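*Asks:* Okay, here's the structure, questions in a sec.
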Amino acid sequence: MLSQQSNNHSDKSKVLVFGAGNFGSCLADHLADSQHEVVVWSRSPEVVKSLNETHRNTEYLTDHVFPETLKAIGPGFPSPEVVRVIRRQPTSVSIASLDKNAAQKASDLFHQPWFRCYTGDDPIGVELAGALKNVYAIAAGIADGLGYEHNTRAMLITRGLAEMTRIGTSYGASPLTFLSLAGVGDLFLTCSSTASRNFTVGYRLGKGEKLSHILDTLGSVAEGVSTAKGLKKVIDELGVSAPIATAIYEVLHEDKNVRDRASALLCLPAMSELDLPSAPGLPARLLMQKLGMEE
């Protein structure tokens, strides 16, 4: 989470980053390296002390030296994305807000030649895409673990994107958001990277390991496991067709056999490739009314 205060005397900003985990530390490093005045808030006194005295984070990105201008005050993933930003490898992000000016300000704050920002006005879609893709990464990992080839993974990514779009539009998101960096971009990366925690969980499930053992030895959180449970409730409430997400829920939370669920998916009857609701979902309309953006 970011809090920004404009500086009228220059084009630089004072920025407070809430959280000194991997992603928060990565964002703070990027902003400080861009000559902004950055303060990081951490719940850990040890992290605060280390950042201020040695310019290192004792818990995350431990080998990285942060800019001396970065400060920390006080009272969680080493992912490929974080490493790319720290190493100045080209990457892109989606920034979404119902306030287009706010989105543009955030884009201006972060934008660098190696860190490109694209703005949009669909925060519901961006947030849903970021959460849902973790469930489908587990599915892609399972397929790899079971020994299926790349065309099966491609099928899962494509059909997973269709499910994400159906769920998102039923919940009020724009279908185009799921064709953006936040949608298909993040989905493709997470479903194709062996560094993805969610993909790893799926892969190990496909190899026959028990979920409890996988989570005990993973060393970090795989968000897709808990997201699958909440997603199943949403699917049932909205009446959305999402057989892949349902199968993953059954494997994770009903202890269904992985290979049996995979076989059942392949035996589903043919259906239309992409059916979308004709109007925005109720949650989005209520949000827009609450913000005074719709009569």
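*Asks:* Is at least one residue of region 138-149 modelled with pLDDT under 95 and surrounded by fewer than 16 Cβ atoms within 10 Å (Cβ to Cβ)?
*Replies:* Yes, that holds for at least one residue.
*Asks:* From Ser10, Ser79, Ser3, Ser94, grab the single residue that is modelled with pLDDT of 85 or more and polar (S, T, N, Q).
*Replies:* Going through Ser10, Ser79, Ser3, Ser94 in turn, just one is modelled with pLDDT of 85 or more and polar (S, T, N, Q): Ser94.
*Asks:* Kindly indicate the residue of region 180-217 that is among the small types (Gly, Ala, Ser) and not in a helix (DSSP H, G or I) and also modelled with the highest pLDDT among those meeting that condition.
*Replies:* Gly208
*Asks:* Determine whether region 64-75 contains at least one residue that is aromatic (Phe, Trp, Tyr), modelled with pLDDT under 95 and farther than 24 Å from Leu252 by Cβ.
*Replies:* yes
*Asks:* Would you please name the residue that is nearest to Ser226 (Cα to Cα), looking only at residues in region 155-193 that are among the hydroxyl-bearing types (Ser, Thr, Tyr) and over 16 Å from the mean Cα position of the chain (by Cα)?
*Replies:* Once the filter is applied, the top-ranked residue is Tyr171.
*Asks:* For region 218-227, state whether one or more residues are crowded, with 22+ Cβ neighbours inside 10 Å, assigned to a loop (DSSP other than H, G, I, E, B) and among the hydrophobic types (A, V, I, L, M, F, W, C).
*Replies:* The answer is yes, given that some residue of region 218-227 is crowded, with 22+ Cβ neighbours inside 10 Å, assigned to a loop (DSSP other than H, G, I, E, B) and among the hydrophobic types (A, V, I, L, M, F, W, C).
*Asks:* Would you mind finding the one in Val258, Val240, Val251, Val225 that is modelled with pLDDT of 70 or more and under 21 Å from the mean Cα position of the chain (by Cα)?
*Replies:* Val225
*Asks:* Now a separate question. State whether one or more residues within region 191-212 are within 26 Å of Asp275 (Cα to Cα), in contact with a helix residue (DSSP H, G or I) (Cβ under 8 Å, 6 or more places away or on another chain), polar (S, T, N, Q) and surrounded by 24 or more Cβ atoms within 10 Å (Cβ to Cβ).
*Replies:* Within region 191-212, none of the residues are within 26 Å of Asp275 (Cα to Cα), in contact with a helix residue (DSSP H, G or I) (Cβ under 8 Å, 6 or more places away or on another chain), polar (S, T, N, Q) and surrounded by 24 or more Cβ atoms within 10 Å (Cβ to Cβ).
The values are calculated or read from the model by the stated rules, or taken from the named source; none is laboratory data. Computed from a predicted model, the values in this text were never measured in an experiment. Virtual Cβ from ideal backbone geometry, glycine too; neighbours counted across all protein chains shown.
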